[in-house]
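K.L.:
Here it is, the structure in full.
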Amino acid sequence: MGFRTDAIHAGQEPDPSTGAIVTPIFQTSTYVQEGLGKHKGFEYARTQNPTRFALEKNMAALERGVAAYAFASGMAATTAITQLLLKQGDHAICSENVYGGTFRLFDKIVRHYGIEFTYVNTPDLSALEKAMRPNTKMVFIETPTNPMMAITDIRGVSDIAHRGNARVVVDNTFMTPYLQRPLEMAADIVVHSTTKYLNGHSDSVGGMAVLARNDDAEQLKFIQNAAGAILSPFDSWLILRGIKTLPLRMDAHNANAMKIANYLASHLKVARVFYPGLPTHPGHALAKQQMSGFGGVIAFDLGSLDAAKRFLERVKLCSLAESLGAVETLISHPATMTHASVPAEYRAKLGITDGLVRISVGIEDIDDLLADLDSAFG
């Protein structure tokens, strides 16, 4: 089936008891059994829930994986993946510019279990190859990165990692499976914060892992149940609802973001714009190859903290808030918000300056968004 058809129908059959076309919210903690050892495949809701199962089947279909598992947040999904792939004495490689919460998890928690991390500029495949070790078990990449929008060659990374028997994990939150499918480029696992574009309405928090290998899928299923950081039935239902309009929303995000990126690139008060849809972006050619759109997130540098602060205090339609991927436009200051947990000297190395602003472009009327930005510049 085509992507738009799968987004609406995959994993979702009409309810057999009523014919309801929308998957019901099975808000239950347990299931009555007909007798000892006699049940209908459902025993306890941490282990099985029909609403969550529908979402997981839907995401496996959209990402072209063998299975998908839903978690209480994107960070819970990432944590489960580290439990799947890493043990004491192992080494992992991570894109040097990742979401601040991912860096915090790896540096402040996972590292203390005797696992070493190396942070690499993964767009540079030679740097990745040099960082590989005999005990490297995971290569974790974001592409585009948050917030600098650097593009990494997923197939190139997969070739290098697989030669060293390491798994490749791709955070595909920014692109969604509508614009990029890493498993089709030989990655092993895709992770999402479903909070963002998949849900798309700023009313749910969740995470998802989609796997290419059956052995990994079986083990992650065990971890999901044993560790218990599952997604709730209601959040599962909200995300299923959001995914039905994902292609329509992503087309609108793309169109608006391209116009705003061009506007910012020509503005005298903007020092630099980071958006892979611009021909001046160093990853533009690669982005065109492995993505079918450039997404709705743009970063731009206003040159100083004072300039960024003044701009962010003047916007009205754009909401100053963490997160991204919603129908409304959200704007943030990475250095003090999403990446505040990253040490200042490391932020500076990555280009996350005090003047950097990140905008998650929504699907409002583009003229209204441009007017709001124009007013904020003063």
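K.L.:
Just report the Cα centroid separation between region 249-280 and region 104-135, whole Å.
P.N.:
If you average the Cα positions of each part, the centres end up 31 Å apart.
K.L.:
Round to the nearest 10 and give me the degree value, 0 to 90, for the angle of helix 74-85's Cα axis relative to the longest principal axis of the chain.
P.N.:
Rounded to the nearest ten degrees, it is 70.
K.L.:
Under 5 Å between amide H atoms, partner at least 5 residues away or on a different chain: which partners does Leu356 have, H built in plane at 1.01 Å?
P.N.:
Leu302
K.L.:
Quick one: which residues, 5+ away or cross-chain, put their amide H under 5 Å from the amide H of Phe26? H built at 1.01 Å from N.
P.N.:
Residues meeting the criterion, in which the H sits 1.01 Å from N, are Thr51.
K.L.:
Right, something else. Hey, got a sec? Which trypsin sites (Lys or Arg not before Pro) in region 312-378 land in a DSSP loop and have at most 11 other Cβ atoms within 10 Å? Intermediate values should be presented prior to the final figure.
P.N.:
Values: sites: Arg314, Lys316, Arg347, Lys349, Arg358; in loops: Lys316.
Answer in residue order: Lys316.
K.L.:
Output wanted: per-residue J couplings in Hz (rounded whole) for region 347-361, from phi through Karplus 6.51 cos²θ - 1.76 cosθ + 1.60, θ = phi - 60°, x for Gly and Pro.
P.N.:
For region 347-361, the Karplus-derived couplings read 4, 4, 4, 7, x, 7, 7, 5, x, 7, 10, 10, 10, 9, 6 Hz, x marking Gly and Pro.
K.L.:
On a 0 to 90 degree scale, rounded to 10, what angle separates helix 366-377 from the longest Cα axis of the chain?
P.N.:
Taking the Cα atoms of the chain, the angle to 366-377 is about 50 degrees.
Just so you know, all these numbers are worked out from the coordinates, no wet-lab data involved. Model, not experiment: these values are computed from the prediction. Quick reminder, even Gly has a Cβ in these numbers, built from the backbone with ideal geometry, and neighbours come from all protein chains shown.
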